[in-house]
Amino acid sequence: MSATILIERVGPMTTVQDAGRIGALIHGVAASGPMDQHGFSTAAQKLPRWGTSGIEFTTSGLGLRLLSGQLEIGCAGGVFDARHNGSPLPWPATCQLVADDYLEITPSSYGNFGYVRFDCELDLPSVMGSLATNTRAGLGGFKGRALEVGDRLQFGRLGKDNQPSNPSSAPKGGDPIHFTWGIHAHLFNHDVRQGFVAGLFEVSEQMDRMGIKLRDQQNVFSSNQNLELVSEPVVPGDVQILGDGTPIVLMRDHQPTGGYPRIATISTPDLNRFAQCRPGTRICFEPITVEHSLAVEFSRRQM
Amino acid sequence: MRDPTENDPIAHPLIVPLGDRALLVRFAATLSVAANAAATSFAKKLAQSPPDGVTEIVPSLVSVQINYDPAKISPDRLAAELSLIAWSKLNADGYSGQTWRLPSRFGGEYGPDLEAVAHASDLDVDAFIDAHNATELRVLATGFAPGFVYCGFHGPPLQIPRRSTVRNQVPPGSILFAVGQTAVAATEIPTGWHVIGQTDFRNFDPASSPPTRFRAGDRLIFERTT
């Protein structure tokens, strides 16, 4: 009997995600996918077999009940408290759910985003080759929208066997956020570029799957001029400076192109870590080359 | 404002990293027919035989985004491949495509900004629509939102700036006008462009393959219906 879960408790911005809608940019659609790709894949690594998609939840937590069938689940990303029928599970968590079991996840010490992965595939329509929810375009996932209380998710076939791999170790929380200079970095003068590297920034409460605004505590960008730029491709991790000088880090549901100047692009592994920084976290930026960024990422995978 | 219909020759493009998963091949810093033709032709040529490890080729107004898998190709090696393609002669055929005729309603409830835009162009409404529809418009790029296309270019009388305020929502099919361009929205979007009309054509259907129909280089002809 195929498994069905019922969402009994959910916050805003909780979505079905998979590795992303690769190849959709040419149609004006961002790839979407998990805010913390590392957490998303770690959750799957906990399972003997895994479906390609999972649920991304937030600090509002998640409560789900298995209505029928059975499911093995893996949870990871940030640090959350997970309880299976009231009994605490260590994080990252795994457990076997049978009918009427309840999984309760509440926020703990770290992170904005957590993931539940399953040993079966979610039975949802593939949209442009992916199950990822794109909240901006209203595509994919469950009816193209965030999950709500009362939603029932059905599962289909078993996922594929877990291939043992060398999952990369998670970078440490307090390190600087590494970036490569962005495609408009040369348009910022030397003092502003220095200020960006030397300055302290704070993650603000204005955070969603499209972007995370930063507080520029030393007003590095206060004198930013409103440059008239040709619209050009955007990638996740771009640090864009809005007309009023506010820096915003563009995330997985970004606009495919944008006309505001972008000073930096956060490196792929550090973007996962950045996504987990809660509002109020102070961060500083450190420039690296693309070669260095890739060397660090690939050496970490082999450790 | 510089006239984008001037045809400047394009020097060799700049190849810059766009993070650690993409390179950007940029043909100019400002928009012109020549820069858009070069970007469009380059993207088409690259797509015919992409180097191993290239995962996505995304043409834009004056540049092309090339996503790659760093486990398969290093950015240095990819950049070298890309510059070989960019330095070879780009086929002018790369900047051609289909011709689309879009039945469109202008003004009134469909185009609340039409009168203001006509006035700013020193034309009466009918003369503006005629002038707008007489322009040979080419799809310059898809971007900003699903199936959203930028088309250009209009000559000097029809070059007016964006609105000073943004509308939070305009409906799918909206025909937008600003900065010497016409854009067509395929989904509901926020925009600071002038809304001059509406077409029933939807350049985005996620259930179709491919989900969008217009390609850079295609011709768009707007036909007024009532």
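In table form, for the structure just shown:
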{"quantity": "Subset tally (residues that are open to solvent by 50 Å² or more (accessible area, probe 1.4 Å) and under 23 Å from A:R262 (Cβ atoms)) for the range B:16-57", "calculated": "5"}
{"quantity": "Filtered residues of the range B:143-157 (kept if open to solvent by 10 Å² or more (accessible area, probe 1.4 Å) and more than 8 Å from chain A (Cβ to nearest Cβ))", "calculated": "B:F153, B:G155, B:P156, B:P157"}
{"quantity": "Candidate set: the range B:158-188, residues that are within 27 Å of B:P211 (Cβ to Cβ) and of a type in the set (D, E, K, R); chosen: the one nearest to the other protein chains (Cβ to nearest Cβ)", "calculated": "B:E188"}
{"quantity": "Test: residue in the range B:42-54 that is within 21 Å of the chain's Cα centre (by Cα) and acidic (D, E)", "calculated": "no"}
{"quantity": "Residues that are touching a helix residue (DSSP H, G or I) at 6+ places or on another chain (Cβ under 7 Å) and farther than 18 Å from B:Y150 by Cα, drawn from the range B:58-82", "calculated": "B:I66, B:Y68, B:P70, B:P75"}
{"quantity": "Complete set of residues in the range B:13-62 that are closer than 24 Å to A:P287 by Cα, touching a Leu at 6+ places or on another chain (Cβ under 7 Å), more than 7 Å from every other protein chain (Cβ to nearest Cβ) and among the aliphatic types (A, V, I, L, M)", "calculated": "B:I15, B:L23, B:V25"}
{"quantity": "Residue in the range B:63-71 that is under 30 Å from B:G19 (Cα atoms) and away from every other protein chain (no Cβ under 14 Å) present", "calculated": "no"}
{"quantity": "Those strands (runs of 3 or more DSSP E) lying entirely in the range A:197-303 with at least 3 residues within 19 Å of the chain's Cα centre (by Cα)", "calculated": "A:201-207, A:211-216, A:238-241, A:247-250, A:262-266"}
{"quantity": "Search result, residues across the range B:159-188 that are farther than 18 Å from B:F201 by Cα and open to solvent by less than 10 Å² (accessible area, probe 1.4 Å)", "calculated": "B:A178, B:G180"}
{"quantity": "Unmet criterion (only one of (1) in a strand (DSSP E or B); (2) within 28 Å of B:V33 (Cβ to Cβ)) for B:N168", "calculated": "(2)"}
{"quantity": "Unmet requirement for A:Y115, which otherwise passes all of (1) within 14 Å of chain B (Cβ to nearest Cβ); (2) within 23 Å of the chain's Cα centre (by Cα)", "calculated": "(1)"}
{"quantity": "Qualifying residue in the range A:137-149 (condition: over 21 Å from the mean Cα position of the chain (by Cα), at pLDDT 95 or above and either surrounded by fewer than 13 Cβ atoms within 10 Å (Cβ to Cβ) or away from every other protein chain (no Cβ under 14 Å) (or both))", "calculated": "yes"}
{"quantity": "Filter pass, A:Q96 being open to solvent by 10 Å² or more (accessible area, probe 1.4 Å) and farther than 27 Å from A:S267 by Cβ", "calculated": "yes"}
{"quantity": "Options B:T165, B:T187; residue that is out of contact with any strand residue (DSSP E or B) (no Cβ under 7 Å at 6 or more places or on another chain) and at pLDDT 95 or above", "calculated": "B:T187"}
{"quantity": "Of all residues in the range A:96-143 being in contact with a Phe, Trp or Tyr (Cβ under 8 Å, 6 or more places away or on another chain) and of a type in the set (F, W, Y), the one that is farthest from A:C277 (Cα to Cα)", "calculated": "A:F118"}
{"quantity": "Search result, residues across the range B:192-213 that are away from chain A (no Cβ under 12 Å) and β-branched (V, I, T)", "calculated": "B:V195, B:I196, B:T199"}
{"quantity": "Unmet requirement for B:P211, which otherwise passes all of (1) farther than 16 Å from B:L102 by Cα; (2) of a type outside the set (A, V, I, L, M, F, W, C); (3) loosely packed, with under 15 Cβ neighbours inside 10 Å", "calculated": "(3)"}
{"quantity": "Of all residues making up the range A:1-43, the number that are open to solvent by 40 Å² or more (accessible area, probe 1.4 Å) and within 14 Å of chain B (Cβ to nearest Cβ)", "calculated": "4"}
{"quantity": "Single residue of the range A:248-303 satisfying the filter (facing another protein chain (nearest Cβ under 8 Å) and among the polar types (S, T, N, Q)) that is most open to solvent (accessible area, probe 1.4 Å)", "calculated": "A:Q255"}
{"quantity": "Residue check, A:N189 under 23 Å from A:A24 (Cβ atoms), more than 12 Å from every other protein chain (Cβ to nearest Cβ) and among the polar types (S, T, N, Q)", "calculated": "no"}
{"quantity": "All positions within the range A:112-126 that are over 16 Å from A:G69 (Cα atoms) and either surrounded by fewer than 22 Cβ atoms within 10 Å (Cβ to Cβ) or among the aromatic types (F, W, Y) (or both)", "calculated": "A:F113, A:Y115, A:L124, A:P125, A:S126"}
{"quantity": "Residue in the range A:156-176 that is at pLDDT below 95, open to solvent by 90 Å² or more (accessible area, probe 1.4 Å) and within 20 Å of the chain's Cα centre (by Cα) present", "calculated": "yes"}
{"quantity": "Strands (runs of 3 or more DSSP E) wholly inside the range A:45-92 containing at least 3 residues that are over 20 Å from A:F155 (Cβ atoms)", "calculated": "A:79-84, A:87-89"}
{"quantity": "Output for the range B:177-191, where each listed residue is part of a loop (DSSP other than H, G, I, E, B) and in contact with a Leu (Cβ under 9 Å, 6 or more places away or on another chain)", "calculated": "B:V179, B:G180, B:A185"}
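The values are calculated or read from the model by the stated rules, or taken from the named source; none is laboratory data. On a predicted model such as this, the values are computed, not experimentally measured, just so you know. In this analysis, Cβ positions are derived from the backbone assuming ideal geometry, glycine residues included, and neighbour counts consider all displayed protein chains. Accessible surface areas use protein heavy atoms only, side chains included; no ligands, DNA or RNA. Shrake-Rupley method; radii C 1.70, N 1.55, O 1.52, S 1.80 Å.
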